[in-house]
Amino acid sequence: MGIKVAAVFGTRPEAIKLAPVCRMLADATDIVYCGIDTGQHQHLMPPIMDRFGVPPAISLNLMTPGQTLIELESRMLKELSAVFRRESPDVVMVQGDTATAVMAAWAAFHEGVAVAHVEAGLRTYRPQSPFPEETFRRAIATFSRWNFAPSVTAAQNLLREAVPGKIVVTGNPVVDALAQILRWGLPSKTYFPIKEKAFRIIATIHRRENHPYLPDILGALDALARHPYVELFFPLHPNPAIVQTVHRLWNESPVHIIEPLEYEAWIHFMQTADLIISDSGGVQEEAPILGVPLLVAREETERPEVITEGYGLLVGHDRDTIVTTAIKILRGQVRFKQGSPYGDGKAARRIVYYLLHPNAPVDGLSM
Ligand code: UDP
């Protein structure tokens with residue numbers, strides 16, 4: 001007798017990180033797999049599920065223009081509960097700390113369905129940073145039967161909190177997704193040929209907790225772009241607060257503002273960088289795998305291994321610090337480790353194994 005697993009996603013990072021897990025769920029003979037897309041990031045949703053051959057069976061299209069997060073969340077709770085009642089999954093799988101993830105976990109809890117949380121245990125222990133994600137991920141841990149932690153640090157956080165579910169260190173399936181994309185190779189369309197004699201910086205900034213500091217961070221990026229040997233690319237996140245500030249502050253800037261790239265092209269584009277400056281969670285995980293020096297433009301990170309193990313530097317949002325550190329890196333004065341503190345690219349396999357073998361031992365990290 002198999003189990004039915006419903007994976008719920010709705011944002012760009014969820015789709016990227018769950019795609020290899022969904023592929024493995026769909027391939028497992030003892031699992032009936034059902035993908036559910038809430039539509040939270042309709043405009044940013046990469047075609048990655050299609051690329052992995054697992055397009056969602058159910059698309060809820062819950063995002064409407066001008067909708068507040070609270071309105072979106074209440075619709076999600078209602079609609080996802082109805083879907084779970086209709087589909088009767090044995091397990092609802094969620095990823096990370098989005099509104100989609102917490103609402104799916106909450107709806108599953110109400111419907112009496114077990115929750116499996118991928119990328120469990122990330123913490124800053126500051127509810128405002130990131131807001132609301134820190135509280136969302138802590139809430140998900142109270143609902144979860146399985147906590148699939150990307151690192152030992154994340155698992156230790158969950159152990160300390162004495163969460164009710166099982167804790168397993170699996171690694172982060174973003175490593176699996178990236179490895180697969182590198183195996184597929186460069187797509188025929190290539191992006192932005194490298195200028196001779198120029199250092200390429202790619203920057204992404206969008207986190208809500210950075211919005212008050214956008215003048216400093218964007219000022220630093222503008223200053224770097226004005227250096228004659230630097231070309232700086234900035235894929236513009238569609239968040240209206242970012243779009244407005246970027247257009248206001250970078251009216252005359254040499255920064256190349258570009259549309260967000262589809263994930264596969266983006267990975268290859270990141271590989272062409274001499275430096276990546278970002279506040280994105282996913283980019284913090286990906287840049288070290290690609291061997292590109294990384295500056296994290298945040299005050300703190302829930303991915304501390306990136307910093308403590310030498311894969312990247314935390315620079316905060318001070319303009320001068322960002323500029324001087326970036327220049328030092330371009331001059332080759334700082335060394336970074338290449339690889340990943342988030343596993344060996346086999347996270348998806350482990351996650352599916354533990355779903356099918358709930359009583360399998362987990363080396364002291366089960367409750
Ligand atoms: N990303 C992408 N195209 C881009 C910029 C970023 O596919 O033009 C990817 C990036 O590699 C990462 C994910 O989008 O895997 C991050 O999503 P986002 O920044 O929305 O969320 P966060 O990682 O901060 O949760």
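The values are calculated or read from the model by the stated rules, or taken from the named source; none is laboratory data. Values in this document were obtained by computation on a predicted structure and should not be read as measured data. Using ideal geometry, Cβ is built from the backbone for each residue, glycine included, and neighbour counts are taken over all protein chains shown. Calculation scope for accessible area: heavy atoms of the full protein, side chains included, ligands and nucleic acids excluded. Shrake-Rupley method; radii C 1.70, N 1.55, O 1.52, S 1.80 Å.
Mind pulling the angle between the C-alpha long axis of helix 214-225 and the longest principal axis of the chain? Nearest 10 degrees, somewhere in 0 to 90.
Between helix and principal axis, roughly 50 degrees.
How large, in percent, is the carbon and sulfur part of the accessible surface of the stretch 63-207 at a probe radius of 1.4 Å?
Ligands and nucleic acids excluded, carbon and sulfur give 57 percent.
Can you list which of the chymotrypsin sites (Phe, Trp or Tyr not before Pro) found in the stretch 69-136 are DSSP loop residues with at most 14 other C-beta atoms within 10 Å?
Hits after loop and neighbour filter: Tyr125.
Quick one: the Cα spread of the stretch 309-367 along its three principal axes, in angstroms, biggest first?
Reported extents, whole Å, longest axis first: 52, 21, 18.
Starting from the Cα gyration tensor of the stretch 166-307, take the square roots of the eigenvalues, sort them a ≥ b ≥ c, and report rounded, prolate or oblate (rounded when a/c is under 1.5, otherwise prolate if a/b is larger than b/c, else oblate).
On the way: a/c = 1.83, a/b = 1.23, b/c = 1.49.
Oblate shape, in that a/c is at least 1.5 and b/c is the bigger or equal ratio.
Considering only protein heavy atoms, what per residue accessible area in square angstrom results for the chain with a 1.4 angstrom probe?
Averaged over the residues of the chain, the accessible area is 43 Å².
Tell me, what is the FRET efficiency for Tyr353 and Val243 to the nearest 0.05, using R0 = 45 angstrom and their Cβ-Cβ distance as r?
Efficiency for this residue pair is about 0.60.
Any idea what the dipole of the chain comes to, in debye rounded to 20, about its Cα centre with Lys/Arg Cβ at +1 and Asp/Glu Cβ at -1?
It works out to roughly 320 debye.
Please express the Cα-Cα pair-distance distribution P(r) of the chain as a list of whole percents, one per 20 Å bin, running from 0 to the bin with the greatest distance.
30, 58, 12, 0
Between Phe233, Ile258, Val246, whose Cα lies farthest towards the positive end of the dipole of the stretch 195-284 when Lys and Arg beta carbons carry +1 and Asp and Glu beta carbons carry -1, centred on the Cα centre?
The Cα lying farthest towards the positive end belongs to Val246.
Accessible area of the stretch 231-341 with a 1.4 Å probe: how many percent of it is carbon plus sulfur?
C and S fraction of accessible area: 47 percent.
Residue by residue, what Karplus-based ³J(HN,Hα) values in Hz, rounded to whole numbers, does the stretch 4-17 have, using 6.51, -1.76 and 1.60 with θ = phi - 60° and x for Gly and Pro?
With coefficients 6.51, -1.76 and 1.60, one gets 9, 10, 9, 9, 10, 8, x, 10, 4, x, 5, 5, 4, 6 Hz.
Over the alpha-carbon set of the stretch 15-131, divide Rg by the Kirkwood Rh and report the Rg/Rh ratio to two decimals.
Numbers: Rg = 14.3 Å, Rh = 15.0 Å.
Here the Rg-to-Rh quotient is 0.95.
Only sites in a loop by DSSP and with at most 11 other Cβ atoms within 10 Å count here; which trypsin sites (Lys or Arg not before Pro) in the stretch 48-105 make the cut?
Within the stretch 48-105, no trypsin sites (Lys or Arg not before Pro) qualify (loop, at most 11 other Cβ atoms within 10 Å).
Could you give each residue of the stretch 344-352 its phi-based ³J(HN,Hα) in whole Hz, using Karplus coefficients 6.51, -1.76, 1.60 with θ = phi - 60°, and x for Gly or Pro?
10, x, 10, 5, 4, 4, 5, 4, 5
Ordered by residue, what ³J(HN,Hα) values in Hz, to whole numbers, does the stretch 71-78 give under the Karplus form 6.51 cos²θ - 1.76 cosθ + 1.60, where θ = phi - 60° and Gly and Pro are x?
With the stated coefficients, the stretch 71-78 comes to 5, 4, 4, 5, 5, 4, 4, 5 Hz.
What is the packing order of peptides 155-162, 345-352, taking the mean over residues of other C-beta atoms within 10 Å and listing the highest first?
345-352, 155-162
Once amide H atoms are placed 1.01 Å from N in the peptide plane, what residues at a sequence separation of 5 or more from Gln95, or on another chain, have their amide H within under 5 Å of its amide H?
Amide H neighbours of Gln95: Val118.
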